[in-house]
Amino acid sequence: MQLNSNPLTIDAYLNHYGYAVIRDEGENKLFQLKNLKLVQIESIEDDSYTIQEVTQGKAGERWEDISIEIVIEHIQMLEGGNDTFAKIWHVDDVLSINSDLSRDRARLVLTMAMDNHDANIGINWEVLREYISQVLEMEAAGII
């Protein structure tokens, strides 16, 4: 899937998961993982990044010209090995269910799902359909 409009950004990912940004030079960020490892991420261009661990002043393996999804996989691997997994939902996933929604409304659906889903169920296609229905009801009632 290609991330075209309003893509997931490194900033959004780091902020959402509460990572401590140690140094922020715009396209170049140094941040601390929860296991205290330091990682440097450089944004090369649209959906192209370089990531490198720099814990204790020693440069680790460097991955270049990779997508944000691969950056996230590397962050998770550095933080906890292969024991951490995440599914990234995109606005296009919501629009594949209801293409009549605007991108802003699809973002609202994802925000509502992220903030309000039942942790025992998680976010899945059925959950997204439910939040789409809620957004449509709010639109019809003039709430949004």
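Find all pairs meeting these conditions: Cβ atoms under 9 angstrom apart; at least six residues apart or on different chains; first residue within region 48-74 and modelled with pLDDT of 85 or more; second residue surrounded by 14 or more Cβ atoms within 10 Å (Cβ to Cβ) and among the basic types (K, R).
From region 48-74, the pairs are E53/K37; V54/K37.
Scanning for something loosely packed, with under 15 Cβ neighbours inside 10 Å, under 23 Å from W125 (Cβ atoms), of a type outside the set (K, R) and out of contact with any strand residue (DSSP E or B) (no Cβ under 6 Å at 6 or more places or on another chain), does region 67-83 turn up at least one residue?
Yes.
Given (1) over 30 Å from E27 (Cβ atoms); (2) at pLDDT below 90; (3) not aromatic (F, W, Y), where does G142 come up short, assuming only one miss?
For G142, the exception is condition (2).
Quick check on my filter: what residues within region 36-45 are without any contact (Cβ under 8 Å) to a residue 24 or more places away in the chain and either exposed (fewer than 12 other Cβ atoms within 10 Å of the Cβ) or of a type outside the set (V, I, T) (or both)?
Passing the criteria: L36, L38, Q40, E42, E45.
The values are calculated or read from the model by the stated rules, or taken from the named source; none is laboratory data. Here the structure is a predicted model, which means the values were calculated and not measured. Neighbour counts run over all protein chains shown; Cβ positions are idealised from the backbone, glycine included.
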